[in-house]
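Here's the structure we're looking at; comments come further down.
The values are calculated or read from the model by the stated rules, or taken from the named source; none is laboratory data. For clarity, every value in this text was computed on a predicted model and none was experimentally measured. Positions of Cβ are backbone-derived with ideal geometry, glycine not excepted, and every protein chain shown enters the neighbour counts. For accessibility, only protein heavy atoms count, side chains too; no ligands or nucleic acids. Shrake-Rupley method; radii C 1.70, N 1.55, O 1.52, S 1.80 Å.
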Amino acid sequence: MRITIIGAGKVGFKLAEMLSYSNHDVLVIEQDAERIRAVEERLDVQTLCANGASPAVLIENGIGDTDLLVAVTENDEVNIVACLFGKKLGAKKTVARIRNPEYLLNNQIGFDKDLGIDFVINPDYVTAKAIAELVEAPEAIESEYYAGGKIQMLELILPPDAQAVNKMLKDLLSPNPYLIVAIQRGEKMLIPRGEDRLLAGDKVFVLAPAKQMEPVEHLLGQKRTRAQRLVILGGTRTAYYLAQKLSGKKIEIKIIEKDRQLCESLSYKLPHVTLIHGDGSDLSLLQEEDIGQADVFAAVTGDDKVNLLVSLLAKHLGAKKTVVKVGRSDYAGLMEKVGIDVVISPRLLTAAAILKFVRRGHIVAISLLGQDKAEMIEFIVPQNCRQANKPIQQINFPRHAIIGAIARGDEIIIPGGNDYITPGDHVIVFALPKAVTAVQNFFGTNR
């Protein structure tokens, strides 16, 4: 597939990196010479230092033969114009990153029909959605649902007192079906075998039917809890979407914001939320507002350092779980080492959403796990799939990947070697990056 990416910022760079791994023909257009230099030095893609919203630039670089144009600059208007021109000049599909809610809430304009944009991605909204899922499963580092909510994936840290510690996977018996599809130990991501042992501190990725996940959590040393108090640092768009998404969930929500005008605006838009005007890095303010009583403290300002500092203060005061939004995902490992519970990267979430669109067809969902160390992909098995109706143990599934669950109508199957896939099944696959292309080919159709 020929793909043109306009904008080589954090999202554009990550997307170009991941698409180049999948052997797509990628062109990155960016006006900033330093950003282009970084792409040239680190990625095997074509580059051009130019204005990607210019019709002349698009024409000169073959936009008419482009399968997909992705506009992910920091400027909404540039992204909209680039997609508008790109579509008019022959690009088959277009994707735009748009953050301003005023554009997204205007239903009088159809992005597809009127502006030629086939898919709109809002990083603030997808970030808020990810945090909301964590608020509703505070015992987990990450929570995802597949097959219309029938299958749940949790990323959990194995505590030292868990009954699963130092036991081989084949000896971990449970009356409820489940599968540990991966273990992250330090920087290494493992797809375990039955003889592998779980160690205290391991990050465990487990799949199970959503309604039967709670006993599996107990096996892995977790106690399911319900968040009642959420404190959000920063009156950002992410905070707005997060508070909106959790309205009606019987959760007490506070937002701390030092800009008085923004506080007043949010107070009007979010009547169910308590707005606190003040500096979140002020320890006395945090103590006065009983931040230590928070079940979840989410730092979503635009400053990574402020998010880290205040989250550590909140943790010190007693907040049960800290969630930090980071612009630079290379900070994630360091933040976790100093005590942050969950690090959320909008650029990875945005890249995952765009990847899902790029790989559309038989792919329903994509999640990037372990700070981009692996993917969880939900496929719909096509009618003439080459591998249908064969026992899994006989189909030579790609190395570095594993089928974690199968949804067949209302039936959820945690597969063993004798199980099989059939056309129409929703199949949940865990794959390391080097295996993604092979897994996609595996679910190809007969020709």
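Data for the structure
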item	result
FRET efficiency estimate (nearest 0.05) - Cβ-Cβ, Glu411 to Leu173, R0 22 angstrom	0.50
In sequence order, calculated HN-Hα J values of the stretch 69-80 (Karplus, 6.51, -1.76, 1.60; Hz; x Gly/Pro)	10, 10, 9, 10, 6, 6, 10, 4, 5, 4, 5, 5
Distribution of pairwise C-alpha distances over the stretch 293-447, 10 Å bins, in %	10, 32, 24, 19, 12, 2, 0
Dipole axis of the chain (+1 Lys, Arg; -1 Asp, Glu on Cβ), positive-most option in Ser54, Gln440, Gln184	Gln440
Probe 1.4 Å - accessible area at Val28, Å² to nearest ten	0 Å²
Between the stretch 385-439 and the stretch 134-187, the alpha-carbon center distance in angstrom	19 Å
Burial ranking of peptide ranges 77-87, 50-60, 310-320 (average Cβ count within 10 Å, highest at the top)	77-87, 310-320, 50-60
Table column - 3J(HN,Hα) (Hz), the stretch 309-325, Karplus curve with 6.51, -1.76, 1.60, x for Gly and Pro	4, 5, 5, 5, 4, 4, 4, 4, 7, x, 4, 6, 9, 10, 10, 10, 7
Using a Förster distance of 60 Å, the FRET efficiency for Leu199-Ala56 (Cβ separation, nearest 0.05)	0.55
Whole-number D in µm²/s for the stretch 1-135 (Stokes-Einstein; Kirkwood sum over Cα pairs; 10 °C, 1.306 mPa s)	105 µm²/s
Cα-Cα over 18 Å, subset of Lys14/Lys337; Lys203/Lys337; Lys188/Lys320; Lys14/Lys87; Lys373/Lys434	Lys14/Lys337; Lys188/Lys320; Lys14/Lys87
Ratio of the Cα radius of gyration of the stretch 272-338 to 2.2 N^0.38 Å, where N counts its residues	1.09
With every protein chain in place, the stretch 203-309: carbon and sulfur % of accessible area (1.4 Å)	46 percent
Accessible area, probe 1.4 Å, largest first, for residues Glu41, Glu30	Glu41, Glu30
Net charge contributed by nearby residues that have their C-beta within less than 12 Å of Thr322 (K/R +1, D/E -1)	+1
Inter-label distance, nm, simple model (7 Å from Cα along the C-beta direction), Ser284/Arg226	3.8 nm
Heavy atoms of Arg2 accessible to a 1.4 Å probe, total area in Å² rounded to 10	70 Å²
Unit charges at the beta carbon, dipole of the stretch 300-446: most positive-side option, Ser345, Ala405, His362	Ser345
Helix-only [θ]222 nm of the chain, DSSP H runs n ≥ 4, -39500 (n - 2.57) each, per residue, nearest 500	-8500 deg cm²/dmol
Positive-end residue of Ala210, Ile131, Leu84, charge dipole of the chain with Cβ unit charges	Ala210
Paramagnetic label zone (point 7 Å from Cα along Cα-to-C-beta, Met1; backbone N under 16 Å) in the stretch 15-36	15-28
Of all accessible heavy-atom area on the stretch 1-145, the percent that carbon and sulfur account for (1.4 Å)	47 percent
Within the stretch 22-153: Cβ-based charge dipole about Cα centre, in debye rounded to nearest 20 (Lys, Arg +1; Asp, Glu -1)	400 debye
Modelled label reach - Val338, point 7 Å along Cα→Cβ, the stretch 220-255 residues with backbone N closer than 18 Å	233
Sites Glu252 and Asp65 - FRET efficiency at Förster radius 51 Å, r taken between beta-carbons, to 0.05	0.40
Magnitude of the charge dipole, the chain, Cβ model with Lys/Arg +1 and Asp/Glu -1, debye to 20	960 debye
Accessible area (Å², per residue) of the stretch 252-346, counting only protein heavy atoms and a probe of 1.4 Å	48 Å²
Residues with amide H under 5 Å from that of Ile117, placed H, sequence gap 5 or more	Asp112
HN-Hα J in Hz across the stretch 14-20 - Karplus 6.51, -1.76, 1.60, θ = phi - 60°, x for Gly and Pro	4, 5, 4, 4, 6, 6, 5
